[in-house]
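Trainee: Pasting a structure below so you can have a look.
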Amino acid sequence: MSHLIDLAPISKEIWSSKYSFAGPNTPPETTIEQSWDRIAATLVQAEPKNLQTTIERDFRSALQDYKFLPAGRFQAGAGTGRGVTLFNCFVMGTIEDSMTGIYAALSDAALTMQQGGGVGMDFSTIRPKGAPVKSLGSDASGPLSFMANWHTMCETIQSAGSRRGAMMGVLRCDHPDIDDFITAKQKAGSLTNFNLSVAVTDPFIKAVDADGDWDLVFDGKVYRTVKARDLWDKIMSATYDWAEPGVIFIDRVNTLNPLSYCETIAASNPCGEQKLPPYGACNLGSLNLTAFVDNPFSDQAVLNTAQLAQVAQTATHMLDAVIDVSNFPLPQQADEARSKRRIGIGVTGLADTFLMLGLRYGSEASCVAVREWMSVIRSAAITKSAAMAKEKGSFPTFGPAYLETAYFKSLPPDLQDVIRENGLRNGQHLSIAPTGTISLVANNISSSIEPVFAFEYTRKVREDDSSFREEQVSDYAYRLFKHIHGSDASLPDHFVTAQDIEPAAHLNIQAAVQPFVDASISKTINVPEDTPFDVFQNIYRDAYERGLKGCTTYRPSPTRGSVLSVEPTTPQAEDAPAETGEGPDAELTLQTLEPLPRPTALHGTTYKLKMPTSDHAHYVTINDHVVDGVQRPYEIFIATKDARNGSLLAALTRMISAVWRRAGDISFVAEELQQIADAEGGQWIDGRYVPSFAAAIGKIIEDHSA
């Protein structure tokens, strides 16, 4: 970043832990500049040999000073030789409504997540609970029961050493199991690896407005008829109390899709910025708007749109190259990516840029400014894409039908002319991702198009000797202002955080950006806890009326609590910053509690567990501790003569004990364990089917805690 300000310690730590590379025969990267060299050198492999030197220099220049930030998956994997995909997320194929089709889809998702990709699925194609399965003479268990298999698979992939998995589950608003879907995550530990969204149709919104009836249908059969407004209120009530499910306006997504003539979209990636067809992939990178501000915090402050356009063109070229250099977990994903060559250029640091230019987030002036910047980026991306099409050819599914889409007809005449003349290299161009981690690396700029959450907070960091130290973390624009005007300078009135603005300000910004984004936007509208329900649900109706493709809110509530705290002395997570999601990097970091001290003596109970697959019994001991007059588990040990898996047993019990000593509601531990199934099948114990040894431990914990 060109502004003279020291790089935040948190930025160095996150880069080092997530994105720096050291291979068996490769010296470890010691600076982020070396990572930029690696990324540029990888991307240029897609270019003709005689042009690589010049193009690599352009790519490297765009990365310098954090001007362009490729998505985290690419930063971590490019040029490493690892068998990973460089795409952050995928939407999986249509799930066939048969046992073979469902488990084939589950296998595809597992293979994709194994390579590091997050996944989104539409479960609307699975018949509802209670529907007849004629070939077996039985009743179907419904999509929610199969989603539990995806949840368990995600846990398995994660436990095998991958980063935290991310999944999106979507169900249409007319599916007969929509009620169960709406409340699916309200039980502790249930489907915690999923984000959930309801695919809301235009006819449903009209039925809500008319207070009309709404049929819940599968395969042409009406299973139930409900009042549309009652169903809408259920969705809104769940979101009000639990922050899920989100809402996707699925008909608008398809109507405004530039590729609507050759695909139908039914699902989204985990964070919502890419609504994709079956096997579609997220190919993302973000322009750091703060890097283009000249003379920040002065009367001459301005965003350099000429430089922004230049880097946006280079970013278009770079993301197009990703398609040619990346691995794909499945051949269908490679075919889909190469046939349409989607890219997703986004922005980040928007709120900090407003601060640097003297604009209040969500004001009319800020909306005018961001519309200008997004117009510049869209024009640069399409112009570059057309130039590449002239040189290398258009994406394979481009044709006359593209020129008839609602999206094409909405473009300015000059862009329509350049597309008609040259074609297009890329089927989509803009997408606004959450950019949580990559924004932290870029000197802790504000994320994506979100407001600044807090200007300062205290972060607790665990040292190698298990001791702790505290470090102050502060927003980039805040530190830059203090650097320029002095540490004692008072903040101007336009310095606002998420706690200072109304939900309407969020909608103003998202609505200003959306017309320029041919994909979608990942955006969370933070809502104060005391917001009345009728005001809250109007946010979603306003989002629909203002042309958005979806809406997600977060309201702290007694049922969920608050994810982040703005108290300056509140400790954050031990080893990671608080961040909003970025595909499978979506690691919302909760406050970490100090472990409860262990008394010299604890009382407990030992349970004998005999699995049919072992000649020896396992003795499970759970010791209890009294906290505020309530007895609760404190630690667990497992003793056995069976020498197999000794280290795994030790790891399991130590992790469970660590959770018990820190967490509040610990009921999820038993629930999570009981959802684990062995690949070779479970066992019958005392007349009850137990899907795995871990599940048996979970049952003991549940019974002990009852």
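The values are calculated or read from the model by the stated rules, or taken from the named source; none is laboratory data. Please read these numbers as outputs of a predicted model, since none were measured by experiment. Positions of Cβ are backbone-derived with ideal geometry, glycine not excepted, and every protein chain shown enters the neighbour counts. Each accessible area value is taken on the protein alone, full model and side chains, heavy atoms only, with ligands, DNA and RNA left out. Shrake-Rupley method; radii C 1.70, N 1.55, O 1.52, S 1.80 Å.
Trainee: What are the extents of the Cα atoms of segment 81-141 along their three principal axes, listed from largest to smallest and rounded to whole Å?
Mentor: 51, 17, 13
Trainee: Quick one: ranking 523, 482 by accessible area, 1.4 Å probe, largest first, what do you get?
Mentor: Result of the area sort, largest leading: 482, 523.
Trainee: Cα axis of helix 503-513 to longest principal axis of the chain: angle in degrees, 0 to 90, nearest 10?
Mentor: Approximately 50 degrees, to the nearest ten.
Trainee: Give the relative contact order (percent, whole number) for segment 211-368; include only Cα pairs under 8 Å separated by 6+ residues.
Mentor: 19
Trainee: So how tilted is helix 533-545 from the main axis of the chain? Cα-based, degrees 0 to 90, rounded to 10.
Mentor: 40
Trainee: Would you mind calculating the gained length between residue 644 and residue 626 on full extension (0.36 nm times residue separation, minus the Cα-Cα distance), in nm to one decimal?
Mentor: Answer, rounded to one decimal: 3.1 nm.
Trainee: What 222 nm value per residue comes from the helices of the chain, counting each DSSP H run with n ≥ 4 as -39,500 (n - 2.57) and dividing by all residues, nearest 500 deg cm²/dmol?
Mentor: When only DSSP H runs of four or more count, the value is -11500 deg cm²/dmol.
Trainee: Work out the charge dipole of the chain with +1 on the Cβ of Lys and Arg and -1 on the Cβ of Asp and Glu about the Cα centre, then indicate which of 257, 361, 21 is farthest towards its positive end.
Mentor: With unit charges placed on the Cβ atoms, the residue in question is 21.
Trainee: Determine the share of segment 1-93's accessible area contributed by carbon and sulfur atoms, expressed in whole percent, with a 1.4 angstrom probe.
Mentor: 53
Trainee: Would you please name the trypsin sites (Lys or Arg not before Pro) within segment 613-659 that are DSSP coil residues with at most 12 other C-beta atoms within 10 Å of their C-beta?
Mentor: Sites meeting the loop and neighbour criteria: 641, 644.
Trainee: What number results when the radius of gyration of segment 414-551, computed over Cα atoms, is divided by 2.2 N^0.38 Å?
Mentor: Relative to the 2.2 N^0.38 Å estimate, segment 414-551 comes out at 1.38.
Trainee: Before anything else, pin down the relative contact order of segment 361-520: Cα pairs under 8 Å, at least 6 apart, normalised by residue count, whole percent.
Mentor: Relative contact order, segment 361-520: 32 percent.
Trainee: Output the relative contact order of the chain, whole-number percent, from Cα pairs under 8 angstrom with separation of 6+ residues.
Mentor: Over the chain, the number comes to 13 percent.
Trainee: Over the chain, average the accessible area per residue using a 1.4 Å probe and give it in Å², no decimals.
Mentor: Dividing the accessible area of the chain by its residue count gives 41 Å².
Trainee: Hey, what's the Kirkwood Rh for segment 5-118 if you take every pair of different alpha carbons, in angstrom?
Mentor: Hydrodynamic radius (Kirkwood, Cα only) of segment 5-118 equals 16.3 Å.
Trainee: Now for a different question. Determine the share of segment 127-227's accessible area contributed by carbon and sulfur atoms, expressed in whole percent, with a 1.4 angstrom probe.
Mentor: 49
Trainee: Under a Cβ-only charge scheme (Lys and Arg +1, Asp and Glu -1), can you give me the dipole magnitude of the chain about the Cα centre, in debye to the nearest 20?
Mentor: 1300
Trainee: Give me the mean projected area, in nm² to one decimal, of the convex hull enclosing the Cα positions of segment 107-154.
Mentor: Averaged projected area of segment 107-154's Cα convex hull equals 3.8 nm².
Trainee: What is the magnitude of the charge dipole of segment 308-398 about its Cα centre, with +1 placed on the Cβ of each Lys and Arg, -1 on the Cβ of each Asp and Glu, and no other charges, expressed in debye to the nearest 20?
Mentor: Dipole about the Cα centre, nearest 20: 180 debye.
Trainee: Could you give the length gained on full extension between residue 111 and residue 397, defined as 0.36 nm per residue of separation minus the Cα-Cα distance, in nm?
Mentor: Extra length from residue 111 to residue 397 when fully extended: 100.3 nm.
Trainee: Still on this structure, please answer the following. Over all alpha-carbon pairs in segment 193-291, figure out the percentage whose distance exceeds 16 Å.
Mentor: That tail contains 67 percent of the Cα-Cα pairs.
Trainee: Something else about it: Can you send over the solvent-accessible area of residue 30, 1.4 Å probe, protein chains only, in Å² to the nearest 10?
Mentor: 100
Trainee: Still on this structure, I have one more. Pick out, from 383, 208, 309, the residue whose Cα sits farthest towards the positive end of the charge dipole of the chain, with +1 on the Cβ of Lys and Arg and -1 on the Cβ of Asp and Glu.
Mentor: 383
Trainee: Helix 228-242 versus the longest principal axis of the chain: what is the Cα-based angle in degrees, 0 to 90, to the nearest 10?
Mentor: So the helix axis and the longest Cα principal axis differ by about 80 degrees.
Trainee: Between residue 221 and residue 64, what FRET efficiency comes out of the Förster formula 1/(1 + (r/R0)^6) with R0 = 60 Å and r the beta carbon distance, rounded to 0.05?
Mentor: Efficiency, from the Cβ-Cβ distance: 0.50.
Trainee: Where the Cα atoms of segment 124-250 are projected onto their three principal axes, how long is each span, largest first, in whole Å?
Mentor: If we take the Cα atoms of segment 124-250, the spans are 51, 41, 24 Å.
Trainee: For q values of 0.21, 0.24, 0.29 Å⁻¹, compute log₁₀ I(q)/I(0) with the Debye formula on a Cα-only model of segment 491-552, without solvent.
Mentor: Debye intensities relative to I(0), on a log10 scale: -0.87, -1.04, -1.30.
Trainee: Provide the gained length on full extension for the span residue 306 to residue 141, in nm with one decimal, where the gain is 0.36 nm per separating residue minus the Cα-Cα distance.
Mentor: 53.7 nm
Trainee: Assuming a viscosity of 0.692 mPa s and a temperature of 37 °C, what translational diffusion coefficient in µm² per second does Stokes-Einstein assign to segment 239-386, Rh being the Kirkwood radius over Cα pairs?
Mentor: 188
Trainee: Take the eigenvalues of the Cα gyration tensor for segment 420-459, scale each by 5, and report the square roots as semi-axes in whole Å, largest first.
Mentor: Each semi-axis is the square root of five times an eigenvalue, giving 35, 10, 7 Å.
Trainee: Would you rank 348, 524 by solvent-accessible area, highest first, keeping every protein chain in place and using a 1.4 Å probe?
Mentor: Heavy-atom accessible area, descending, gives 524, 348.
Trainee: Express the carbon and sulfur contribution to the solvent-accessible surface of segment 413-559 as a percent, rounded to the nearest whole number, probe 1.4 angstrom.
Mentor: 46
Trainee: Continuing with this model, one more query. Kirkwood hydrodynamic radius, computed over distinct alpha-carbon pairs, for segment 268-321: how many Å, to one decimal?
Mentor: Kirkwood hydrodynamic radius for segment 268-321: 13.5 Å.
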